[in-house]
Structures are given as structure tokens and as C-alpha cells.
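Below is one structure; the comments refer to it alone.
The values are calculated or read from the model by the stated rules, or taken from the named source; none is laboratory data. Since this is a predicted model, take the numbers as computed values, not measurements. Virtual Cβ from ideal backbone geometry, glycine too; neighbours counted across all protein chains shown. For the accessible areas, the whole protein counts, side chains as well, though only heavy atoms, and no ligand, DNA or RNA atoms are used. Shrake-Rupley method; radii C 1.70, N 1.55, O 1.52, S 1.80 Å.
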Amino acid sequence: MRKALRWLLALAVFIGTLSTAGAATAAQPSQPGPTDIKDRLLAIPGMSLVQEKPYPGYRYFVLDYTQPVDHRHPDRGTFQQRITVLHKDTSRPTVFYTSGYNVSTNPSRSEPARIVDGNQVSLEYRFFTPSRPEPADWSKLDIWQAASDQHRVFEALKPVYSANWLATGGSKGGMTATYYKRFYPHDMNGVVAYVAPNDVVNKEDSAYDRFFAKVGTQECRDRLNAVQREALVRRGPLEKKYAQYAADHGYTFATTGSLDKAYEAVVLDYVWGFWQYSLLKDCDSVPADAPHATDQAIWDSVDTISGFVAYTDQGLEQYTPYYYQAGTQLGAPTIRFPRIEHKLIRYGYQPPRTFVPRSIPMRFHPGAMRDVDTWVRHHARHMLFVYGQNDPWGSERFRLGAGARDAYVFTAPGMNHGANVAGLVPEQNALATARILEWAGVAPAAVEADPSVAKPLARYDAKLDVRDVEREPALRP
């Protein structure tokens, strides 16, 4: 009996020794991972370096990241999606930016990134080149697939940038940030969406007509309307000029179908384009007496504001993904021209289908925007929408319902499609800045005690912080 007990005791000591040894082995530190930020980024599976560019106070990387063409079926092919990283410090918050179009490969900083003094990850929207699968299955270009692109990038980078994240973007980028929050509501700690259109019912666009009836001053509206009308009255001579312009530059019109349709599309964009990109003071640059202006003066004004290259094949090619989405999910505005005789307008505002090659099939899905709008009204959390008073795209905007919490919609007086937090009235500017700092987890104690003292944590940088409102044709947000 004693021998059996001694044997059991010895066995217990032996097992205990093994357990202790195992625990000691498990507690031993593993091989250290890379510490340099470039090495840490490139250690992420699917991440590859395109270029590193120097910028004072930052590291800036242009990268490619392997994404599935179809997030529902990730085994059915991949593509390389372009991203950039403006790296400040892994301990700082990170702002996830997208324009909804191509990504710039030059260092820049969004307003929220300056406010929180953080890192910025910028993503090129899928199907904008070079981030386009080959061959391109256009049915995989939708807002859920794009939101899933962002989700995968976030999941890949979150172990590196572990502090709070904010999503942001302007115009189509503001829409993109909103859709991302809708489909992946727990990824971001906050969203700052600038001048984001919200076309809930695609066939009901009277809000735009009401906007153009009262925007600015009567004098400015009269000037713009007169130039637009005169460009249609002089269609014959100005289209001859357009034909010569196209021949000189090698422009063609296969997508729209004719030079005539492209010409009218440019002219009908004129008033919209002015208010999208210009300010009331810029009315002085519009010909004051259009009926007596020269053909060249009318041409120059329309070309400066709308751009005669916009609806050529060459001008449209870069934006095929946008027009595809406008014609399948996002919707597109249609406005009336009450001050122009019907006989002068042959086509009116043309639908997105006109601007997409016929080889690409399209079918509109009316439920997509209703779904997002309903979600924002009832479930928005930690979201800020900023609009410009004189921006036509703000005519149909996101609005908050009773279910929204810690969410805001502000309008910058007198501002256009470049509206931002800095352009808000002082009280709203301070409140918006304070909320952004709080969402990012970097609000100073003084701001927590008194939001009215909130201001950006980083100094203004003339090169890094210049917001380039993309001079796109008017009917692209």
C-alpha cells in the first residue's frame, strides 16, 4: 500500500514538473516581429509596396492590397487595390479616407486627420484604374462590395494602428463613408461625411428645381441662365467650334452617340457646375450681357465651368465606374430648365446609361438608397454630415430621425461643394471639432469640460491640407 502511495506521489510530482516546464516554455517570448512601420505594413498578407515618398513629420507609402473580386465568394479571383498610408505614429488615431474615385499618390491630409493629428489610410474605390479586376465583372461593383473592401483593409491594419478609427470622405467619398458605416457599423468609432448626396427616390428630383430657383441672387441666376440659353441658341456655330476642338485633340463621341448629345450635356451642366465649384462673388466672371457677347466669350465661359472634354469618350472613360453606379444604385439628378424654351433642348438631362459603354449591362436597383437612408435615420451613431449652403448636391441630403444618437447635420453658410468643418458657424465648428476629437479618443481635458474651445490638434500645412475639390463635370458628385 505504502509503495503504491509513493508511486502515486512520484507520478504527481513528475506530472507537475512537466506542467511547470510546459508553462515556462509557453511563457518564453516568441521571436520579435518587425518594428519599422514599413516592415510591419509589408508583413500583412497580400500587402505590397509600390513606392515610399518622404514628407516631413510622416512616412508616406503607396501600396497594393490583394482583394477578392467578390467578397461573398473570395475563391473566385482577386485584384490589386491601391491604398496609401500617411503614417504619423501607431499610437495616434487613424482616419480612413476615400474620395469614392481614384486615390491620389501624393501626400495629403483630410480635415479630420488634421483635427485629430493622426494617421491617414486612403483607399482607391474598386473598378477605378488601376484598382480594377481583369476581366472586369461589373456586377461586382456595388456599395456592399466596396464597403467590404474597406472592412478587409481595416481588419488588416487594425493590429498595426490599434487606436480609434474614423471614416471620412467628400461627395461620393462621403457617400462611401456612410455606406461603410451602414454595412459594418462597429468598425469605425465615428464618421465625418462631407457634401454627401442622398438620392432616396431616383425619379423625384424637385428639390433640385427649388434649389436653382433661389440660390444666390437674382442677378447672378439671370446671368447664368442667359449664358446657358445663349449657348443653345448658338448651337450651330458653337458645335462647329466643338468639332474642330475635338479633331485637334483626337476626341471622339462613341459612348454618348454624337457630338450633338455631348454638346448639350456640357451646356446643361453649366449652371449646376457654377454653383458646385464657384462662390457668389464669382458671378462677376460670368458674361453680363449674354445675347451681345461674342461666340468666344460664350464658349470660354461654358468651357471653364463645365468643360467641353467632359462628355467625350476620353473624358468619360475614367469615370465609367461612377456612371455605372449612378445607373444601378446611387441614382442621378434630373432638373428642369424653365427659363429655356423647350425647342432649344433636344435631350434634357441624360441618364447615366448614356455615359456607359453599351457593352456593360446595367439595371437599376431602387431599394439600395432607401435601405441606407432608413438606416441613417434610425441607427446613426457618431456621425457628422457637413453640407454647403450653395452646393446643388445638398438639395437631397442625409437627414436624421428620432433613432439617431450623437449624430449631426450641419450646413456651412455660403459654401459650395468644398464645404468643411472650418466653414461652419463658430458654435457648430467647435461642436463638430469636439465630437471628432472625442470619437477619435484624443479630446483634451479642456475640450471635454468645454467643447467651445475645441480646435485641430495639428497645425495647418499649406501643402498637406489643401483640399482639391475635384473639377469634375457637374453631374458627378
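One table, with the values for the structure above:
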read-out: Per DSSP, loop chymotrypsin sites (Phe, Trp or Tyr not before Pro) in the range 71-169 with at most 16 further Cβ within 10 Å; value: none
read-out: Cut-off 14 Å between beta-carbons: net charge of the residues surrounding ALA136, Lys and Arg +1, Asp and Glu -1; value: -1
read-out: Of all accessible heavy-atom area on the range 89-188, the percent that carbon and sulfur account for (1.4 Å); value: 46
read-out: Ranked packing of 451-463, 431-443, most packed first, by mean Cβ within 10 Å; value: 431-443, 451-463
read-out: Sparsely packed trypsin sites (Lys or Arg not before Pro) within the range 55-158, loop by DSSP, other Cβ within 10 Å at most 14; value: ARG72, ARG76
read-out: Phi-based couplings in Hz for the range 325-334 (Karplus 6.51, -1.76, 1.60; Gly and Pro marked x); value: 5, 4, x, 10, 9, 6, x, 8, x, 10
read-out: Tensor-based shape of the range 311-466 (alpha-carbon gyration tensor, a/c under 1.5 rounded, otherwise prolate or oblate); value: prolate
read-out: Lys, Arg +1 and Asp, Glu -1 on Cβ, resulting dipole of the chain about Cα centre, debye, nearest 20; value: 1520
read-out: Rounded accessible area per residue of the range 119-188, 1.4 Å, Å²; value: 28
read-out: Relative frequency of Cα-Cα separations exceeding 27 Å in the range 55-199, percent; value: 15
read-out: Loop-resident sites, the range 302-366, for trypsin sites (Lys or Arg not before Pro), counting at most 11 other Cβ within 10 Å (DSSP); value: ARG358, ARG363
read-out: Within the accessible area of the range 333-477 (1.4 Å probe), percent carbon and sulfur; value: 53
read-out: Semi-axes of the equivalent ellipsoid for the chain, Cα gyration tensor, largest first, Å; value: 51, 26, 20
read-out: Value in Å of the Kirkwood radius, where the range 276-373 supplies the Cα pairs that are averaged; value: 16.5
read-out: For peptides 254-265, 283-294, sequence by mean Cβ density within 10 Å, most packed first; value: 254-265, 283-294
read-out: Whole-number percent relative contact order across the range 93-135, with pairs defined as alpha carbons under 8 Å at least 6 apart; value: 49
read-out: Accessible area expressed per residue, the range 352-477, with surrounding protein chains retained (probe 1.4 Å, Å²); value: 47
read-out: About the Cα centre, charge dipole magnitude for the range 168-242 (Lys/Arg +1, Asp/Glu -1 at Cβ), debye; value: 300
read-out: Unit charges at the beta carbon, dipole of the range 150-292: most positive-side option, TYR270, GLY173, ALA247; value: GLY173
read-out: For TYR349, residues with placed amide H under 5 Å, excluding near neighbours; value: ILE335
